[in-house]
Each structure stands twice: as C-alpha cells, then as structure tokens.
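Encoded as structure tokens, the structure appears first; notes follow it.
We did not get these values from a lab; they are worked out from the coordinates using the rules stated. Here the structure is a predicted model, which is why all the values come from computation and not from measurement. Using ideal geometry, Cβ is built from the backbone for each residue, glycine included, and neighbour counts are taken over all protein chains shown.
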Amino acid sequence: MSGEIRKEMNIKPQRHRVTEKSKGTYYNRLKETAFTLCVSVPLWLFLLLGFSAETFAVPDTNSVRITDVTPCSFSVVWMTDIAAQPSVEVYSDSAMTNQITDTVSITPMPAASQGTVQAATNKGIMKVMVSGLSASTNYYVRTVTTDPSNPSNIAYSPLYQVVTASAVVPYNYSSGPAAGFSNDLVPFSVYIRPSDTDATPGLGDLIVLQTDGSPYPVSAFVGEGIAAPEGIADLNNLFGSDGLSRNLIGGERIILMVYRGAGLLALTHYRRVPQNGNMVYVAEPAKGFFADINLDGNVDDQDFALFKSQYGTSADDANYNPDFNFVDDPGGKVDARSFSKFSSEYGKTNVQ
Ligand SMILES: [Ca+2]
C-alpha cells in the first residue's frame, strides 16, 4: 500500500443479508454486464447536477485511480471538494497530441440508480467510464472536473496510462462444463459514523477493491445493486498481469479503499477473498489476524506505522477505522487497550 495512509472503513459487526431474489437479479445482471460490456454500451443514467458552489476556486482533484479495466473499457475514479461535473479526456499518445475522446464512449457517473449518482455527486465522489476501446491497447487519460456554478473553473489531473485487458475468460472450463464461482461477488459494508444523519448512510460512497496480482482494481458504489451501507464488487472484472480474467480461489489478499468524500478521509481495509463455495452463496471478505494489519504474514513496523496513525481516534473522527479497535469497546476508541493487544503480538511471523 502506498505511504499515503488512507484510513478505511470496516465491516460492521452484523452481517447483511442479500435476499435470494435481489442476489440472483444482481448476479445475473453483473454476469450480463461482464459478457455484453464489450458489445454494447449500457444505458446508464447520466445526471448532471447544477449545484451552486460557494467558492470559485478550481476544484480539487485527489485519489485518482484507474479501475475496472476490461478488454473494451475502463473507469477513472477520484474525489473533489464540490458537487462537480466529471468527465475525462482520452488520448492515444502520452504527448497528448492525438485526443480521441470523441471517438470513444464517455459515461460520467455510471450507476443505474439516480439516488446513488446524486449521493456520490454531492460527496464529490467522481467516476467516469470510458468504453468502446480495443483490447491490449495503450490509452492515456486525465480527469476533467468542472464546477457547475462556474464552468470556466476546470481542474485537470495528470495524465495516466491505461493498458486494456486482452480477453474475458469468465468461466472455468478445467473440469469440463462451465462452472461459475460463488466468490466473484464481494459485498462489503462500509463504516458509518455514529453521528451520521444521512437518511441513507453510506449511499454513494465508492469501494475500490484491489488484489495482489491484478494491475487494476474494481470499483462499486455503495447502494448499487444492494442496500446501503453495502456495496458489491464484481471480481469477474479483475484481470491478471497476463491480461486475462483472474480466477481467484479464495484467500488472496484484497485491499478495500472506501472513498467517502464530504471531508472524510478514504478508509483502507485489508481482507482476504472468501473461499469459493457454491453458486448461490455470496460471502463477505474475510478478516485476517488482527495485529497483522496489512496481512503480509508478519506483525512488524509496517503494521505499527498503520496502528500509530490511528491511535487516539474515536468512532466519529474523520479518519476513524474500526479495523484498529482491537477490543470489544462500545465507544470504539483506539486506545491503550488496543495498543496493549497489538504490542503483545509484535514481532510474530507467519501469522494467518
Ligand atoms: Ca503485517
């Protein structure tokens, strides 16, 4: 993980149920998306909101990530400080001499629910999907963040290189007939601060799921296809360094970064891919040994640095991450008791 410690949100203690009906519907829709994405552009709602901003400063651009890279599409996610209008510019070369934005499909805020789009926009959480691309091809992209109240105020990110994946291999044929995977949809419940007064807490937050061995993460809005405060990440859209679909067997480390916007820091959670089961089972990602915070097998300085950055935080703090509260503590404070538990494990190696 990068040095910029973005604190995470954690799974709430209770497990959320995905109903059989909603699960099946969403599962099928995701499968359909995985298969048809390269053929047709989904008719997602595109909502531009005209909010008045109090400042005419150029909007912020931070936490830019390239996500959801498939053979024919990718997305760009980032955060800004106003309810901005997001777009991107796409180039075929790093010198930005050949802009191809008009020859590809640009879909700002790709989500099926208008409520999700509006909630995310209000929090300054931006996502733009670029589709109609060629496989195994270099593209270059930068974000364009426009203040709706003053369209001449436009912020641009640096230019990012994207290499599209080579091929979708959505099923495992190794044992004969095609078989699906039960662990390809990962629901995750984001942390909600006790003082959160939103009617639908967490709605519009963005989950960015990264796994070791995949060049790009996948992303999902909270409340999209599942009730907030959960989001559901589609691991079918994870590709390996070979450009082919990843086949995760379970146990692989995943890093979930939750973009929350609205002045709150992004939270980072380390988890493992749930074990593969049967088709109708959707499992949450698994937590590892508590003191091995970054799940690299050792309780060492890296974990201590992460813990130190959280020490003293309470449940309502903008950077509070419940992953670091190691005691059953209603107040949720990361305090001396948590440190005591952590320090007693310090130095251990090969922990599971
Ligand atoms: Ca560690």
Here, residue 100 and residue 167, labelled 7 Å along Cα→Cβ, have an inter-label distance in nm of 2.1 nm
Near the amide H of residue 205, under 5 Å away, which other amide H atoms are found, from residues 5 or more places off or on another chain, if H is placed in the peptide plane? 222
Suppose R0 equals 41 Å. What FRET efficiency, 1/(1 + (r/R0)^6) with r the Cβ-Cβ distance, do residue 196 and residue 156 give to the nearest 0.05? 0.80
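Multiply the residue separation of residue 262 and residue 349 by 0.36 nm, subtract the distance between their alpha-carbon atoms, and state the gained length in nm to one decimal. Before the final figure, lay out each step's value.
Working: separation 87, 0.36 × 87 = 31.32 nm, distance 3.87 nm.
Once the chain is fully extended between residue 262 and residue 349, it gains 27.4 nm.
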Quick one: if you stick a label point 7 Å off each Cα along the C-beta vector at residue 301 and residue 275, how many nm between them? 3.7 nm
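A 32 angstrom limit on the alpha carbon distance is what I want to check against. Which of 127/348; 123/287; 127/341 exceed it?
On the way: 127/348 40 Å; 123/287 28 Å; 127/341 39 Å.
With Cα atoms farther than 32 Å apart: 127/348; 127/341.
Nearest 0.05, what FRET efficiency do residue 138 and residue 60 give at R0 = 30 Å with Cβ-Cβ as r?
Details: r = 28 Å, r/R0 = 0.93.
FRET efficiency, residue 138 to residue 60: 0.60.
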Using the Karplus curve 6.51 cos²θ - 1.76 cosθ + 1.60 with θ = phi - 60°, what ³J(HN,Hα) values do you get for each residue of the stretch 65-79, in whole Hz, with x for Gly and Pro? 9, 8, 9, 6, 7, 10, x, 10, 7, 8, 10, 10, 10, 6, 10
Straight-line reach check, residue 333, cutoff 20 Å on alpha carbons, 8 or more apart in-chain or any other chain, hits among aspartates and glutamates -> 8, 196, 292, 303, 316, 317, 323, 345
Using a 10 Å cut-off on Cβ atoms, rank the peptides 328-335, 126-133, 315-322 from the highest mean neighbour count down. 126-133, 315-322, 328-335
